[in-house]
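The values are calculated or read from the model by the stated rules, or taken from the named source; none is laboratory data. All figures in this text were calculated on a predicted structure; none of them were measured in a lab. FYI the Cβ positions are ideal-geometry reconstructions off the backbone, even for glycines, and counts take in every protein chain you see. The area values use the complete protein model at the heavy-atom level, side chains included, leaving out ligands, DNA and RNA. Shrake-Rupley method; radii C 1.70, N 1.55, O 1.52, S 1.80 Å.
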Amino acid sequence: MRICMVVEGCYPYTVGGVSSWVHSIINSFPEHEFILLTIVSSRDIRGKFVYTLPDNVTEVHELYLQDKDWGRRRKTRMNRTEYNALRSLLLDQRIDWETLIDFFQKKRPSLNSVLMGGDFFHAVSEFYQLHYSQVVFSDFLWMMRSIYLPLFFTLKMELPKADLYHCLCTGYAGVLGSMAKYLYGSPLMISEHGIYTREREEELVKAKWVQGLYKNVWINQFRKMSRLAYERADLVTSLYEHARTLQVELDCPEQKTQITPNGIRIEDFQNLPGKTEEDDGWINVGAVLRITPIKDVKSLLQAFSFAKEREPALKLWVMGPWEENDEYAQDCFDLVEDLSLQDVVFTGRIDVKEYLGRMDMTILTSISEGQPLTIMESFAAHKPAIATDVGNCRGLIMGEGDGLGAAGIITHIMNLAEISQAILYLAHHPEERRQMGEIGYQRVCIRYRIDQMNDTYQRIYRDFCEKEPQETVQAVTAH
């Protein structure tokens, strides 16, 4: 089977939980051919892979959301049906996605001519008069152009043909998958690790680059795209029950949903190298993460500084790359200096198996997560975890009805007092720390093994493969 994996902002350009998952899935099914359809910000990142692609990846296609308009410069006017489809998109009224897809795929318009043209101007004007007439129209118009440029790049993307389209989120990836289903009649599957719409909402609420009511317009745009993906998908998976509930709340039909927990290769974390002479006398706290705002490394550093004042033997290891967001990383480095914080090590990108055995505990202070592989890996290495109460962190640490008990400590987001107290508690209770690590190991063995995850996806892929091919709803004409 030829599977097109549609990913946004991750594999194969950055490391992280979703990227590791994609790489693992592709490697686990060598009998299938995989095509990568990757969504990135700009051409600057083109081909800069941090993963060696498996042999069964035969093609890589890239969509750049902040690209130049390579279309022909002549104006392309919309007919009445096409204009009404554009109007339905802006006003969010029974959106005619099929007509929009046909317009961008068949007519291949210049996006400059669309966004600067009269049709877009009139549709925006109507939307403005209905909902946002209290703001300056020229600002509103330019904001709408910035919102719709990446979507129009997406709608204009020439898609590879495949037997199954497997999207790793909704958003622009979900739009591509929905387009492919419409154009080629192939089935569509969505596997969300985090809930894309909620994650974008959280980012926009905190964002400084967009102000006031414009945040609402952006948020609604992501909701439109997610509704499209949920509506057109044949199957929508999530990692845990609460995520599935959120999908249903965001208008995903419940009968399409399925829970498919993550899994790791537990044997890879057995008999790891233990503490060295360098570690004598130290209580090592390991944070396996990308140094990005969503991981809230600043709160981690501040909380560690409070704990360090009360327990000088503490040492923090921040294990992961910082190239994804150089500015934020530099802020973190500067914060260490400003706090005069001792015994903090930034390792950069490493093989976590070379360090995890030396840790006494691990910690994750993210403001958003799905079902973190780093917590599972900590458990596989018999290490307890401290984590903020986001995503499925509580389920992993406290268990979901397995009766095993706590495998660490849950804290609230950005609560420095709770986080520092959790570090100190585990530091000062070595026997309980050991017991929690063993509970985590039992939990991951029972529920989060990679063979369990692979069996689930083997059944899913087999079911799609055995279904009769859908009749093509629309064929793409030669361009």
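Miscellaneous remarks
- Compactness of the range 208-284 was expressed as the Cα radius of gyration divided by 2.2 N^0.38 Å, which yields 1.89.
- Per residue, the convex hull volume that the Cα atoms of the range 277-359 enclose (Å³): 82
- The chymotrypsin sites (Phe, Trp or Tyr not before Pro) of the range 78-174 include none that DSSP puts in a loop with a beta carbon having at most 15 other beta carbons within 10 Å.
- Percent of alpha-carbon pairs separated by more than 17 Å within the range 401-442: 37
- Database remark: amide H of I283 closer than 5 angstrom to the amide H of L314, K315 (H placed geometrically; neighbours at sequence offset of 5 or more, or on other chains; Pro and chain starts carry no H).
- Segment Q255-L213, extension gain: residue separation times 0.36 nm, minus the distance between their alpha carbons: 11.7 nm
- Placing +1 on the Cβ of every Lys and Arg and -1 on the Cβ of every Asp and Glu, with no other charges, gives the chain a dipole of roughly 1920 debye about its Cα centre.
- Relative intensity, log₁₀ I(q)/I(0), of the range 4-61 from a Debye sum that treats every alpha carbon as a point, q = 0.22 Å⁻¹: -0.82
- For the range 225-286, the solvent-accessible area works out to 46 Å² per residue, with a probe of 1.4 Å and every protein chain left in place.
- Taking all pairs of distinct alpha-carbon atoms in the range 315-427, Kirkwood radius in angstrom: 15.1
- Using bins of 10 Å that start at zero, the share of Cα-Cα pairs per bin across the chain amounts to 4, 19, 28, 24, 16, 8, 2, 0, in whole %.
- Solvent-accessible heavy-atom area per residue, rounded to whole Å², over the range 1-63 at 1.4 Å: 39
- With the simple model of a label 7 Å out from the Cα in the direction of the Cβ, W142 to V60 spans 3.6 nm.
- If you wrap the range 144-281 in the convex hull of its Cα atoms and look at it from every side, the mean projected area works out to 13.5 nm².
- The length gained on full extension between Q93 and Y51, counted as 0.36 nm times the residue separation minus their Cα-Cα distance, comes to 10.9 nm.
- Surface/4 of the Cα convex hull for the range 87-188, nm²: 6.9
- The 3J(HN,Hα) values that the Karplus relation (6.51, -1.76, 1.60; θ = phi - 60°) gives for the range 301-315 are, in residue order, 5, 5, 5, 5, 5, 5, 5, 5, 4, 8, 9, x, 6, 6, 9 Hz. Gly and Pro appear as x.
- The calculated 222 nm mean residue ellipticity attributable to helices in the chain amounts to -14000 deg cm²/dmol, summing -39500 (n - 2.57) over DSSP H runs of n ≥ 4 and dividing by all residues.
- Amide proton proximity set for K161, modelled H, under 5 Å, gap of 5+: none
- Accessible area per residue for the range 74-123 is 48 Å², calculated with a 1.4 Å probe on protein heavy atoms, without ligands, DNA or RNA.
- Globularity index of the range 358-479 is 1.47 (Cα radius of gyration / 2.2 N^0.38 Å, N = number of residues).
- For the range 120-136, backbone phi angles converted through the Karplus equation (6.51, -1.76, 1.60; θ = phi - 60°) give residue-by-residue couplings of 5, 4, 5, 5, 5, 4, 5, 4, 4, 5, 6, 10, 9, 5, 7, 9, 6 Hz, Gly and Pro being listed as x.
- D by Stokes-Einstein for the range 221-338, Kirkwood Rh over Cα pairs, 4 °C, 1.567 mPa s: 70 µm²/s.
- Linear extension gain, K298 paired with N220, 0.36 nm per residue minus alpha-carbon span: 25.1 nm
- Binned Cα-Cα distances of the range 139-206, short to long, each 5 Å bin given as a whole percent: 3, 15, 20, 21, 18, 12, 7, 3, 0
- Protein accessible area in the chain, 1.4 Å probe - carbon and sulfur %: 49
- A straight line joining the Cα centroids of the range 1-37 and the range 166-214 runs 17 Å.
- Other-chain or far-sequence residues with amide H under 5 Å of T411's (modelled H): A387, T388, D389
- Rg/Rh for the range 1-124 (Cα atoms only, Rh after Kirkwood) is 1.09.
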